[in-house]
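Read the structure below first, then the notes.
The values are calculated or read from the model by the stated rules, or taken from the named source; none is laboratory data. This structure is a prediction, so every number in the text was calculated from the model and none was measured. Using ideal geometry, Cβ is built from the backbone for each residue, glycine included, and neighbour counts are taken over all protein chains shown.
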Amino acid sequence: SAQPGLWTEEVKAAKAAGIPIVFFNTDDPATGRQAYVGADLKEAGAIWAKYLVEHKMVKQGDKVFLPVEVPGASYQQLETEGIASVFDPLGIRYDVVDCGTDPAGIIAKMTDYMVANNPPAIIALGDSVAASIKRVFDGAGVPAGKIPVVGWGNSK
């Protein structure tokens, strides 16, 4: 589901017509869909945040960069809930930043953020932002290995 509640009426109509509804990749159980195939995105966010904390890559007072293609989309909201469940009690802040969907725009926005904010870590909330990390680091003059990056995506 692109955002919570977006497909509620469509799912209801499809079910009334006997059409089974399966959500893939992002879930929205409130729609009444019959099944979901994909990761628990809230748990994924918590795992990423725990990794950074347990490996002492972030600490109280830090602000972690969370770039995303579509702020407000279900995947971003659920992943950020998981991140918040770990970071909030520890006083670690995070900044969800709208980087858009245009590849050149993503690189420009992420590079600008890196130069202006020098974050201690990045949690990439989507594949397009994750795929842009090397170009962003090159553009911002960040050497490989200096800033930890975790997150979602099918990128190498």
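Within segment 22-48, work out how many residues are in contact with a helix residue (DSSP H, G or I) (Cβ under 6 Å, 6 or more places away or on another chain) and among the aromatic types (Phe, Trp, Tyr). Residues flagged as in contact with a helix residue (DSSP H, G or I) (Cβ under 6 Å, 6 or more places away or on another chain) and among the aromatic types (Phe, Trp, Tyr) within segment 22-48 amount to 0.
Collect the residues in segment 120-156 that are assigned to a loop (DSSP other than H, G, I, E, B) and either touching a Lys or Arg at 6+ places or on another chain (Cβ under 6 Å) or closer than 24 Å to ALA39 by Cβ (or both), keeping them in residue-number order. Passing the criteria: ALA121, LEU125, GLY126, SER132, PRO148, TRP152, GLY153, ASN154, SER155, LYS156.
Residues that are assigned to a helix (DSSP H, G or I) and touching a residue at least 60 places away in the same chain (Cβ under 8 Å) were ranked within segment 1-58; the one that is surrounded by the fewest Cβ atoms within 10 Å (Cβ to Cβ) is TYR51. The set of residues in segment 100-125 that are over 26 Å from VAL53 (Cβ atoms) and either in contact (Cβ under 8 Å) with a residue 40 or more places away in the chain or of a type in the set (A, V, I, L, M) (or both) comprises ALA104, ILE106, ILE107, ALA108, LYS109. Tell me, please, whether a residue that is within 11 Å of the chain's Cα centre (by Cα), closer than 26 Å to LEU6 by Cβ and either hydrophobic (A, V, I, L, M, F, W, C) or outside the structural domain of ALA49 (by TED's automatic domain parsing) (or both) can be found in segment 95-105. Yes; the residues of segment 95-105 include at least one that is within 11 Å of the chain's Cα centre (by Cα), closer than 26 Å to LEU6 by Cβ and either hydrophobic (A, V, I, L, M, F, W, C) or outside the structural domain of ALA49 (by TED's automatic domain parsing) (or both). Looking only at segment 13-33, count every residue that is of a type outside the set (Asp, Glu) and within 21 Å of ALA73 (Cα to Cα) and tell me the total. Selection size over segment 13-33: 11. In segment 62-86, the residues that are closer than 9 Å to VAL97 by Cα form Cβ pairs under 6 Å with partners that are part of a loop (DSSP other than H, G, I, E, B), at six or more places apart or across chains, as follows: PHE65/PRO119; LEU66/LEU125; PRO67/CYS99; VAL68/LEU125; VAL68/GLY126; GLU69/THR101; GLU69/GLY126. Candidates in segment 59-100 are the residues that are touching a strand residue (DSSP E or B) at 6+ places or on another chain (Cβ under 7 Å) and assigned to a helix (DSSP H, G or I); of these, the one that is surrounded by the most Cβ atoms within 10 Å (Cβ to Cβ) is ILE83. Being out of contact with any Gly (no Cβ under 6 Å at 6 or more places or on another chain) and hydroxyl-bearing (Ser, Thr, Tyr) is the filter; apply it to segment 82-141 and report the residue that is farthest from VAL64 (Cα to Cα). Only one residue fits best here, namely THR101.
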